[in-house]
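Heads up, the thing below is written out as structure tokens.
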Amino acid sequence: MKTWMKIAPVAIAAIFVLPGCGHKEEAAPGPAGAAAAGGGDVIRIGHVAPLSGGDSHLGKDNENGARLAADEINAAGGVKVGDKTYRVEILGEDDKADPREGTLAAQKLVDAGVIAVVGHLNSGCSIPASKIYHDANIAQISPSSTAIKYTDQGFKTTFRVVANDRQQGTAMANYAIDVFKAKSVAIVDDRTAYGQGLVDVVAQVVKEHGINVVAREYTDNKASDFNAILTKIRATRPDVIIYGGMDDTAGPMAKQIHQLGVKSPLLSGDGACSPEFINLAGDGAEMLTCSRAGEAVEKLPRGAQFMSRYKAKFGSDVQIYAPYSYDAVYVIADAVHRAGTLDRAAVTAAVATTDFDGLTGRIAFDAKGDLKNGAISIFKVQGGKLTYVSTSR
């Protein structure tokens with residue numbers, strides 16, 4: 001297992017070249033090697049996430065993580081490929097959490113000559129965009145897309161550095177059964193690939209355990225008024241309400257659950273498991289228990305250092321998946337070095353054989369591109385903060 005990557009920039013000559021030790025070369029052949037504006041050669045890595053709209057705070061969090069990794073790699077001297085060295089440049093695109101915009105952003109990055117892509121944030125964008133990357137032999141590493149379908153398509157270019165919704169949905173269902181002692185649940189989703197896919201797994205697992213699904217309701221990812229749905233759910237008196245969707249809808253939903261006097265706890269997935277949920281939910285925030293498809297950053301050996309440097313650089317706290325987009329950039333840099341070339345197909349093949357000790361833990365992929373031994377963490381809102389509860393694998 002490789003152990004060269006540390007949370008702080010380090011001088012490992014095999015991969016990163018110390019400042020002052022490199023020398024200027026001619027531009028490398030292939031789409032990713034080109035002269036940078038300030039001189040020298042660059043490896044262009046794409047990043048795609050919603051940078052506008054209701055999920056923009058999460059998208060910017062992911063992009064910040066990727067940019068922090070690139071800055072650290074460059075500060076350590078860049079990436080060594082054969083006898084040449086390269087700076088890492090992040091090309092960012094805004095997919096607005098919209099599948100059509102996601103495919104347009106993907107094509108723009110392909111045309112711009114990126115060697116690999118970190119993204120997308122939302123499964124609903126990652127899935128349609130994955131065909132474009134596949135056709136261009138470009139590795140796509142999502143730091144946050146958890147839908148099972150994403151890696152079930154048979155593409156050799158799709159990877160993720162978080163657990164999938166089969167693991168996350170099972171963990172949520174087990175928590176409802178084992179901790180909440182639920183005998184009945186109400187389930188709501190936002191009809192996105194992520195939201196629906198996650199709670200479909202939850203519904204399957206709770207039914208297998210004999211738990212009664214007393215309501216199965218649907219909304220959409222632009223909704224803000226949930227009173228009609230929640231009034232119907234209130235009449236069924238569920239032990240737990242389970243929601244599949246993002247924080248920009250989960251927050252208002254929790255506020256309205258509280259206003260209707262519903263006492264059932266709210267259980268949701270990683271899309272709602274953010275500080276922004278607390279801001280949006282108001283007095284309803286304390287009802288939330290949520291999962292994240294990865295280890296809690298505060299429990300990582302170098303997590304505190306990462307959070308400190310992230311805040312110093314960007315002036316804000318980590319939302320959810322910045323550590324995973326950070327690791328995705330390092331995985332790509334490692335793959336480029338091991339491939340010894342900027343050929344996209346060779347880099348993709350190297351990503352598939354990754355065995356890497358990252359900030360978030362060991363990163364290795366199975367035949368589908370799923371993270372091996374992915375973690376699921378559980379949090380509760382207590383005292384106005386997300387509080388870590390437990391981790392399962």
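The table below gives the values:
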{"read-out": "Residue within segment 289-298 that is open to solvent by 60 Å² or more (accessible area, probe 1.4 Å) and within 30 Å of Ala69 (Cβ to Cβ) present", "value": "yes"}
{"read-out": "Test set (1) open to solvent by 40 Å² or more (accessible area, probe 1.4 Å); (2) under 18 Å from the mean Cα position of the chain (by Cα); (3) of a type outside the set (Val, Ile, Thr) - Asp355 fails condition number", "value": "(2)"}
{"read-out": "Selected residue (only one of Val179, Val161 is crowded, with 24+ Cβ neighbours inside 10 Å and over 12 Å from Gly269 (Cβ atoms))", "value": "Val161"}
{"read-out": "Candidate set from segment 106-120 (those that are part of a helix (DSSP H, G or I), out of contact with any helix residue (DSSP H, G or I) (no Cβ under 7 Å at 6 or more places or on another chain) and hydrophobic (A, V, I, L, M, F, W, C)); member that is most open to solvent (accessible area, probe 1.4 Å)", "value": "Ala112"}
{"read-out": "Residue that is nearest to Leu280 (Cα to Cα) [pool: residues in segment 224-266 that are of a type in the set (Ser, Thr, Tyr) and part of a helix (DSSP H, G or I)]", "value": "Thr249"}
{"read-out": "Residue ID - farthest from the chain's Cα centre (by Cα), chosen from residues in segment 232-264 that are acidic (Asp, Glu) and crowded, with 23+ Cβ neighbours inside 10 Å", "value": "Asp248"}
{"read-out": "Subset of segment 194-212 that is over 20 Å from Phe226 (Cα atoms) and of a type in the set (A, V, I, L, M, F, W, C) - its residue that is surrounded by the most Cβ atoms within 10 Å (Cβ to Cβ)", "value": "Val202"}
{"read-out": "Flag if Gln305 is surrounded by fewer than 21 Cβ atoms within 10 Å (Cβ to Cβ), outside any loop (DSSP other than H, G, I, E, B) and touching a residue at least 40 places away in the same chain (Cβ under 8 Å)", "value": "yes"}
{"read-out": "Criterion: basic (Lys, Arg) and at positive phi - qualifying residue of Lys84, Lys96, Lys156", "value": "Lys96"}
{"read-out": "Yes/no for Gln167 being in a helix (DSSP H, G or I) and within 30 Å of Thr236 (Cβ to Cβ)", "value": "yes"}
{"read-out": "Verdict on Asp189 being open to solvent by 30 Å² or more (accessible area, probe 1.4 Å) and under 19 Å from Lys255 (Cα atoms)", "value": "no"}
{"read-out": "Condition met for Thr103 (among the polar types (S, T, N, Q) and farther than 18 Å from Arg338 by Cα)", "value": "yes"}
{"read-out": "Count of segment 358-386 residues which are in a strand (DSSP E or B) and open to solvent by less than 50 Å² (accessible area, probe 1.4 Å)", "value": "11"}
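The values are calculated or read from the model by the stated rules, or taken from the named source; none is laboratory data. Small disclaimer: the values here were computed from a predicted structure and weren't measured. Cβ atoms come from the backbone with ideal geometry, glycine included; neighbour counts cover every protein chain shown. Remember, those area values only see protein heavy atoms, side chains included, never the ligands or the DNA or RNA. Shrake-Rupley method; radii C 1.70, N 1.55, O 1.52, S 1.80 Å.
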